[in-house]
Amino acid sequence: MAEQFIVEVAGIQHLDFAETICAEMEASAKARGTGIAKRTPDYIKQKMLEGKAVVAHTRQGVWAGFCYIESWTHEKYVANSGLIVAPQFRKSGLARQIKESIFNLSKKKYPDAKIFGLTTGLAVMKINSELGYEPVTYSELTQDDEFWKGCQSCVNYSILMSKERKNCLCTAMLYDGQEKKQAPSKNFFDFAKNSKILERLMQIKQAVFLGFGKEKKEKTQTEKLSGNEQ
């Protein structure tokens, strides 16, 4: 099914897709119950005109997917942001194509930068792992305030700030091109082997950060106190 798509660096000929892309980004975030950095059609168009985006469409010209590049900390860090696939084309392998294309574009434009991402999706984590990303702590990401401001529209932003930007529900992943050059024999993170562990860790983070763990603990303590009084 993936053969029906054209995945290419976005340009002036794709500007008409901007409105649809923004609308689908917002709808997808609401459906997942999470948030993403909100972008305007003008911002998306700017990325297209700068050659810092990848767009996917059918051979008939129907929009199918999108992703763009943002740079931080004087271009020392690069994020591939806003990955979105049209609902009718999901589970077709298109997300993998787009991620690989934007990843290669990032390496070409910013050969010395570290490429990173934040995600709660295991499918995206699997793709990142196949490309050479590895899970890291938040301290290894850019500390640029402008990047973190992009999380303000996420429903979990209060959790991020309460943890002083050191942790949240998202998993941080990083590709360090310079490190790969210096140690090419280093094994990439084995997602297939560790996916169950990551899934369990994500469940634990959700329980703790969303208060489930605290509520359970308080309930247990109450029950113990009640038992002692009897």
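With the structure loaded, tell me whether Lys99 is of a type in the set (Lys, Arg) and in contact (Cβ under 8 Å) with a residue 40 or more places away in the chain or whether it fails that test. No; evaluated as a whole, the condition is false for this residue. When each of Pro135, Pro111 is tested for being within 17 Å of Arg200 (Cα to Cα) and either in contact (Cβ under 8 Å) with a residue 40 or more places away in the chain or surrounded by 21 or more Cβ atoms within 10 Å (Cβ to Cβ) (or both), the lone residue that passes is Pro135.
A quick yes/no check of all residues on (1) open to solvent by 80 Å² or more (accessible area, probe 1.4 Å); (2) touching a strand residue (DSSP E or B) at 6+ places or on another chain (Cβ under 9 Å); (3) at pLDDT 80 or above:
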position: Cys151; (1), (2), (3): no, yes, yes
position: Leu160; (1), (2), (3): no, no, yes
position: Leu169; (1), (2), (3): no, no, yes
position: Tyr175; (1), (2), (3): no, yes, yes
position: Asp190; (1), (2), (3): no, no, no
position: Lys193; (1), (2), (3): yes, no, no
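Report, by residue number, each residue of the range 119-132 that is open to solvent by less than 60 Å² (accessible area, probe 1.4 Å) and closer than 19 Å to Gly177 by Cβ.
First, pick out the residues of the range 119-132 that are open to solvent by less than 60 Å² (accessible area, probe 1.4 Å): 119-122, 124-125, 127-129, 131-132.
Correct list: Ile127, Asn128, Ser129, Leu131, Gly132.
Which of the following residues is in contact (Cβ under 8 Å) with a residue 12 or more places away in the chain and more than 13 Å from the chain's Cα centre (by Cα): Glu75, Glu70, Glu50?
Numbers: Glu70 fails: more than 13 Å from the chain's Cα centre (by Cα); Glu50 fails: in contact (Cβ under 8 Å) with a residue 12 or more places away in the chain.
Matching residue, one of Glu75, Glu70, Glu50: Glu75.
You will find that of Thr58, Thr20, the residue that is modelled with pLDDT of 90 or more, open to solvent by less than 30 Å² (accessible area, probe 1.4 Å) and more than 30 Å from Tyr138 (Cα to Cα) is Thr58 and no other. With respect to the conditions (1) part of a loop (DSSP other than H, G, I, E, B); (2) modelled with pLDDT of 95 or more; (3) closer than 20 Å to Leu141 by Cα, Ala37 falls short on a single one, namely (2).
Yes or no: the range 95-108 includes at least one residue that is part of a loop (DSSP other than H, G, I, E, B), open to solvent by 20 Å² or more (accessible area, probe 1.4 Å) and over 14 Å from Glu8 (Cα atoms). Looking through the range 95-108, none of the residues is part of a loop (DSSP other than H, G, I, E, B), open to solvent by 20 Å² or more (accessible area, probe 1.4 Å) and over 14 Å from Glu8 (Cα atoms). Being open to solvent by 50 Å² or more (accessible area, probe 1.4 Å), farther than 27 Å from Arg90 by Cβ and at pLDDT 90 or above is the requirement here; does Gln143 meet it? For Gln143, the condition - open to solvent by 50 Å² or more (accessible area, probe 1.4 Å), farther than 27 Å from Arg90 by Cβ and at pLDDT 90 or above - is met.
For the range 71-92, taking the residues that are part of a loop (DSSP other than H, G, I, E, B) and open to solvent by less than 40 Å² (accessible area, probe 1.4 Å), the one that is modelled with the highest pLDDT is identified as Ala86.
The values are calculated or read from the model by the stated rules, or taken from the named source; none is laboratory data. Since the structure is predicted, the reported quantities are computational estimates derived from the model, not experimental observations. Neighbour counts are summed over all protein chains in view; Cβ atoms, including those assigned to glycine, are modelled from backbone coordinates with ideal geometry. Only protein heavy atoms, including side chains, enter the accessible area calculation; ligands, DNA and RNA are left aside. Shrake-Rupley method; radii C 1.70, N 1.55, O 1.52, S 1.80 Å.
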